[in-house]
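Visitor: Here it is, the structure in full.
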């Protein structure tokens with residue numbers, strides 16, 4: 001969220017006393033705090049009190065690999081999403097508002113389409129006998145089907161597609177708030193387009209990239225459907241492993257512990273990012 | 001603590017009230033549950049007046065949550081037999097009331113104190129005729145990537161089947177499969193690991209074979225039956241077909257136990273079993289059912305392929321379920 005956007009919000013109306021906040025607090029407590037505490041408790045009490053679930057998770061190479069895979073996928077997806085989203089967001093930010101709102105509508109529409117449907121569509125496109133491979137083989141470009149599915153490539157393609165709107169939306173907000181005159185000024189001072197991008201546009205859009213990137217990264221960490229369908233077992237992500245622990249092994253203690261570790265790591269990353277962005281913003285404002 | 005957590009879950013899942021004239025049946029969805037609804041639930045409702053609400057898919061985590069929370073909304077659940085044996089040991093199941101469910105004609109391989117057979121099936125070797133030149137005749141062929149190149153598809157979840165296939169392919173005689181030599185099985189599976197595409201549901205296995213995405217694979221015989229019926233160009237080998245079963249269980253604390261037992265009697269009756277087998281291609285667990293079925297359907301059942309048939313050992317699996325599963329998923333993730 002940019003500084004400008006924050007200032008644009010109308011002055012908050014503070015309710016008299018806490019009573020106005022009570023429904024919201026109860027809601028958050030009941031549906032967010034209690035379940036997380038229950039999760040934590042279960043992870044240290046099931047099947048017996050103690051930290052054995054955490055010891056099992058942290059001491060086993062398999063789980064370590066799944067954790068690594070989870071962060072690797074989330075990282076790759078975030079980077080690719082930023083790279084794809086930036087030009088789109090820039091185009092949306094500078095094009096006439098009427099046209100931009102139509103394109104916005106199209107992007108939002110994809111978010112409203114069922115996730116499973118979209119993932120299955122990618123399966124049909126990406127598989128060895130799928131549309132893409134058949135077309136490439138038919139055109140004589142390749143003679144063996146490319147491995148586009150059941151691996152990191154498949155997961156990345158499918159997830160970037162799903163994550164794009166979450167990156168584009170905050171980025172457009174940030175880019176629109178940048179005064180176009182700064183770029184013109186840079187050009188007048190003799191900066192090449194590349195230099196203007198690197199030294200003016202990119203630094204100014206960092207808050208939007210950071211906000212969208214964090215959202216995409218955190219959402220990717222917990223993704224289940226897309227990696228399960230487009231990935232292979234050797235890129236298994238944590239959500240799928242937790243599902244196995246809960247549904248197949250009925251080992252709820254271990255599943256809870258895995259979920260809690262993911263939560264803690266995610267929150268730590270969030271805190272780190274807040275610090276970094278806060279620091280950068282302070283420098284940029286000086 | 002367990003109770004609070006499970007209670008929240010079960011509370012959210014609660015769908016049906018306990019009423020004497022209705023009950024909830026849960027199965028795996030898709031064509032199987034459709035066939036169960038048509039063959040069992042609808043005639044049962046017509047004759048008894050008890051309404052059968054359908055829920056699904058079966059989810060062992062959900063089932064355990066309900067029982068832990070003492071808020072059980074499922075009355076009859078279709079589960080895999082090795083799970084049922086393990087669940088009975090863990091005290092999750094009601095005993096079957098054999099005063100209400102006639103036992104005499106039930107295949108003893110697939111029924112015990114806490115479960116009656118739902119249907120039984122065989123894992124068979126199926127292939128796409130366009131993608132495989134020649135016939136694949138044995139499980140060993142699935143491990144011969146030189147002679148038979150292409151992707152092969154296996155069942156993704158830890159369950160009886162794939163481990164046994166690997167051992168048979170490696171030359172272990174059928175009567176020496178148990179206790180399972182896991183080291184040997186995983187070593188054999190390692191040799192084709194990069195050529196395996198996993199299927200996690202029946203529809204997926206059909207799609208993989210029918211499209212040629214996988215050249216061949218280990219499929220449930222009912223799914224191959226459906227592919228053949230649809231005219232797909234598939235071949236099937238019953239050589240060393242591996243039987244396993246689904247069973248019907250009543251979760252501990254089910255609210256409509258009496259109705260559930262009556263439903264089980266109808267589902268396992270010769271007529272109920274015959275109708276379901278005809279619709280699904282899976283085999284009946286009532287020995288009298290075949291007399292009520294058309295001869296050409298009987299011919300396609302696992303019963304017609306007992307030569308070289310191997311019964312997967314459900315008791316062994318029930319006992320070692322967790323240990324094998326832990327290793328299975330660790331190996332997959334490697």
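The values are calculated or read from the model by the stated rules, or taken from the named source; none is laboratory data. As the structure is a prediction and not an experimental result, all values here were calculated from the model. A quick note on method: Cβ atoms are made from the backbone with ideal geometry, for glycine too, and the neighbour counts reach across all protein chains shown.
Visitor: Would you pick out the residues in the stretch A:166-175 that are within 17 Å of the chain's Cα centre (by Cα) and buried (at least 22 other Cβ atoms within 10 Å of the Cβ)?
Guide: Scanning the stretch A:166-175 gives A:167, A:168, A:170, A:171, A:172.
Visitor: Right, something else. List the helices (runs of 4 or more DSSP H) inside the stretch B:256-312, counting only whole elements, that have at least 3 residues being at pLDDT below 95 and farther than 19 Å from residue B:25 by Cα.
Guide: Hits in the stretch B:256-312: B:295-299.
Visitor: Another question about this same structure. How many residues, within the stretch B:173-201, are farther than 15 Å from residue B:309 by Cα and out of contact with any strand residue (DSSP E or B) (no Cβ under 7 Å at 6 or more places or on another chain)?
Guide: Residues in the stretch B:173-201 being farther than 15 Å from residue B:309 by Cα and out of contact with any strand residue (DSSP E or B) (no Cβ under 7 Å at 6 or more places or on another chain): 18 in total.
Visitor: Being under 29 Å from the mean Cα position of the chain (by Cα), over 22 Å from residue A:97 (Cβ atoms) and loosely packed, with under 12 Cβ neighbours inside 10 Å is the filter here, so list the residues in the stretch A:176-218 that pass it.
Guide: Correct list: A:194 only.
Visitor: Restricting attention to the stretch A:225-239, report how many residues are closer than 17 Å to residue B:199 by Cβ and either within 8 Å of chain B (Cβ to nearest Cβ) or part of a loop (DSSP other than H, G, I, E, B) (or both).
Guide: 6
Visitor: Another question, then. Is it true that some residue in the stretch A:145-155 is touching a strand residue (DSSP E or B) at 6+ places or on another chain (Cβ under 8 Å) and not in a helix (DSSP H, G or I)?
Guide: Yes.
Visitor: If I filter the stretch B:88-101 for residues that are in contact with a strand residue (DSSP E or B) (Cβ under 8 Å, 6 or more places away or on another chain) and either free of Cβ contacts under 8 Å to residues at least 12 places away in the same chain or assigned to a strand (DSSP E or B) (or both), do I get at least one hit?
Guide: yes
Visitor: Which condition breaks for residue B:92 when tested against (1) at pLDDT 95 or above; (2) surrounded by fewer than 19 Cβ atoms within 10 Å (Cβ to Cβ)?
Guide: The failed condition is (2).
Visitor: Here's something else I'd like to know. If only one of B:229, B:252, B:275 is within 22 Å of the chain's Cα centre (by Cα), farther than 30 Å from residue A:227 by Cβ and surrounded by fewer than 18 Cβ atoms within 10 Å (Cβ to Cβ), which one is it?
Guide: B:229
Visitor: Would you confirm whether any residue within the stretch B:204-216 is assigned to a strand (DSSP E or B), out of contact with any helix residue (DSSP H, G or I) (no Cβ under 6 Å at 6 or more places or on another chain), modelled with pLDDT under 95 and closer than 27 Å to residue A:129 by Cβ?
Guide: Yes.
Visitor: Working only within the stretch A:240-264, note down all residues that are free of Cβ contacts under 8 Å to residues at least 24 places away in the same chain, touching a helix residue (DSSP H, G or I) at 6+ places or on another chain (Cβ under 9 Å) and outside any loop (DSSP other than H, G, I, E, B).
Guide: Residues satisfying the conditions are A:240, A:242, A:243, A:244, A:245, A:246, A:247, A:248, A:255.
Visitor: Of these, A:89, A:38, A:74, A:55, which one is under 20 Å from residue A:252 (Cα atoms) and more than 14 Å from chain B (Cβ to nearest Cβ)?
Guide: None of the others qualify; the one that does is A:55.
Visitor: Tell me which of these residue B:6 doesn't satisfy, since it passes every other one: (1) at pLDDT below 90; (2) under 19 Å from residue B:246 (Cβ atoms).
Guide: (2)
Visitor: Out of the residues in the stretch B:143-170 that are part of a helix (DSSP H, G or I) and over 21 Å from residue B:120 (Cβ atoms), state the one that is nearest to the other protein chains (Cβ to nearest Cβ).
Guide: Taking the candidates together, the pick is B:166.
Visitor: Here's a check for you: in the stretch B:183-203, which residue that is outside any helix (DSSP H, G or I), more than 19 Å from the chain's Cα centre (by Cα) and at the interface with chain A (Cβ under 10 Å from one of its Cβ atoms) is farthest from residue B:28 (Cα to Cα)?
Guide: The selected residue is B:196.
Visitor: Further question: Taking the options A:221, A:274, A:263, name whichever one is at pLDDT below 85, closer than 28 Å to residue A:58 by Cα and away from every other protein chain (no Cβ under 14 Å).
Guide: A:274
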